[in-house]
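Peer 1: Okay, here's the structure, questions in a sec.
The values are calculated or read from the model by the stated rules, or taken from the named source; none is laboratory data. Since we're looking at a predicted model, the values are computed, not measured. So basically every Cβ, Gly included, is an ideal-geometry build from the backbone, and we count neighbours across all protein chains shown.
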Amino acid sequence: MKVSSYLKFIIPPIIFFVMMKFFFESLGLSYLSLIALFLISALSAFWVTKHRLLPIILTMLFTTSSVLFLLTLGKNNFQQLYIVFSSVLFAITLIGLNRFFMQQENLKQQAELEAKILDSGFNLNQTIVFISIFLLSSGMYGIYLDFDLPVWSIMIAIFISISFSTLYLTKINFLKSKALELHLDSFKNKTFSFYSFLFGFIALELIWVISFLPVNHLTVGAVILSFYYSFWNILRNYLRNELSRKIVFSNLIFFGGAVGFIFITSKWDII
């Protein structure tokens, strides 16, 4: 691969890093930097996947979550490290998008090799969604606490973000299954809007319950991530016709155990 082909994974993250710095440190350029962040996110996804629109959902989700979580941090060394960390994750996001969306066309030519790359691309996409959900939930709840916003505002925000996350994951899961020529129930895999609404509604109710508890934003982010990880594993196996009682019970037990551990080890205040 030519050196020039790697530029699409290097230049956008560098711009992302610069705009994140401007957004947090310069009040005069904050709004322009925010617009530039979302613009570079959309154009980068468009670039690395050769003009596809679906990948924009993931980059916009990740950028939104990164910005919201950044707003909960003070101006310190950790904040500087977080900007570097999020920029590296943005580069990984672009690599995952390229691996997943660009291997579907070539799968029949080198089946075994391309299937492995496609699978790694799917896993990277899935991981970035999980990270984004934690950052997004933590950032939103932190802003909700800091500005004493009405609870319905955070409920709606979580509903929208979880719905779009599920819409994206169910869609790429279907694309992967289609590329690998798996014989799956097409009705299950095409009703994306229903699963997205269902996950968003459950997360909305979960946030409403948590809002009565004196917990901080990091605790909320961890709980929402535990919920999403467990229930997405159940949904993914259902879509692939691999669902069993063992899978359902193991994920529900994991969710209950994870939430219990999070609450037991959390500091019960909102500071």
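Peer 1: Filter segment 44-59 down to the residues that are free of Cβ contacts under 8 Å to residues at least 24 places away in the same chain and either under 13 Å from F90 (Cα atoms) or assigned to a loop (DSSP other than H, G, I, E, B) (or both), then identify the one that is farthest from the chain's Cα centre (by Cα). Lay out the reasoning, then the answer.
Peer 2: At the first step, the residues of segment 44-59 found to be free of Cβ contacts under 8 Å to residues at least 24 places away in the same chain are 46, 51, 53, 56.
Restricting the remaining residues to those that are either under 13 Å from F90 (Cα atoms) or assigned to a loop (DSSP other than H, G, I, E, B) (or both) gives 51, 53, 56.
Numbers: H51: 21, L53: 17, I56: 12 Å.
Selected residue: H51.
Peer 1: Regarding L32, is this residue over 22 Å from S137 (Cα atoms) and part of a helix (DSSP H, G or I)? Explain how you work it out, then say what you get.
Peer 2: Details: over 22 Å from S137 (Cα atoms): yes; part of a helix (DSSP H, G or I): yes.
Yes; evaluated as a whole, the condition is true for this residue.
Let's see how each residue does on (1) free of Cβ contacts under 8 Å to residues at least 12 places away in the same chain; (2) touching a Ser or Thr at 6+ places or on another chain (Cβ under 7 Å); (3) assigned to a helix (DSSP H, G or I):
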{"residue": "S196", "(1), (2), (3)": "no, yes, yes"}
{"residue": "F201", "(1), (2), (3)": "no, no, yes"}
{"residue": "W208", "(1), (2), (3)": "no, no, yes"}
{"residue": "F212", "(1), (2), (3)": "yes, no, no"}
{"residue": "V223", "(1), (2), (3)": "no, no, yes"}
{"residue": "F227", "(1), (2), (3)": "no, no, yes"}
{"residue": "W232", "(1), (2), (3)": "no, no, yes"}
{"residue": "N237", "(1), (2), (3)": "yes, no, yes"}
{"residue": "E242", "(1), (2), (3)": "yes, no, no"}
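Peer 1: If you don't mind, another one. Report yes if some residue within segment 249-258 is surrounded by fewer than 15 Cβ atoms within 10 Å (Cβ to Cβ), closer than 27 Å to L68 by Cβ and either touching a strand residue (DSSP E or B) at 6+ places or on another chain (Cβ under 9 Å) or of a type outside the set (K, R) (or both); otherwise report no.
Peer 2: Yes, segment 249-258 has at least one match.
Peer 1: How about segment 67-77: which of its residues are assigned to a helix (DSSP H, G or I) and closer than 19 Å to L145 by Cβ? So that I can check it myself, show each step before the final result.
Peer 2: The initial filter retains those residues of segment 67-77 that are assigned to a helix (DSSP H, G or I), namely 67-70, 77.
If the condition is that a residue be assigned to a helix (DSSP H, G or I) and closer than 19 Å to L145 by Cβ, then V67, L68, F69, L70 are the ones that fit.
Peer 1: Then there's this: Across segment 213-248, what is the number of residues that are touching a Phe, Trp or Tyr at 6+ places or on another chain (Cβ under 9 Å) and surrounded by fewer than 13 Cβ atoms within 10 Å (Cβ to Cβ)?
Peer 2: 1
Peer 1: Same structure again: Looking at the structure I just gave you, is S186 more than 21 Å from F62 (Cβ to Cβ), at pLDDT below 90, in contact with a Leu (Cβ under 8 Å, 6 or more places away or on another chain) and among the hydroxyl-bearing types (S, T, Y)? Spell out how you get there, then give the answer.
Peer 2: Working: more than 21 Å from F62 (Cβ to Cβ): yes; at pLDDT below 90: yes; in contact with a Leu (Cβ under 8 Å, 6 or more places away or on another chain): no; among the hydroxyl-bearing types (S, T, Y): yes.
Taking the combined requirement at face value, the residue does not satisfy it.
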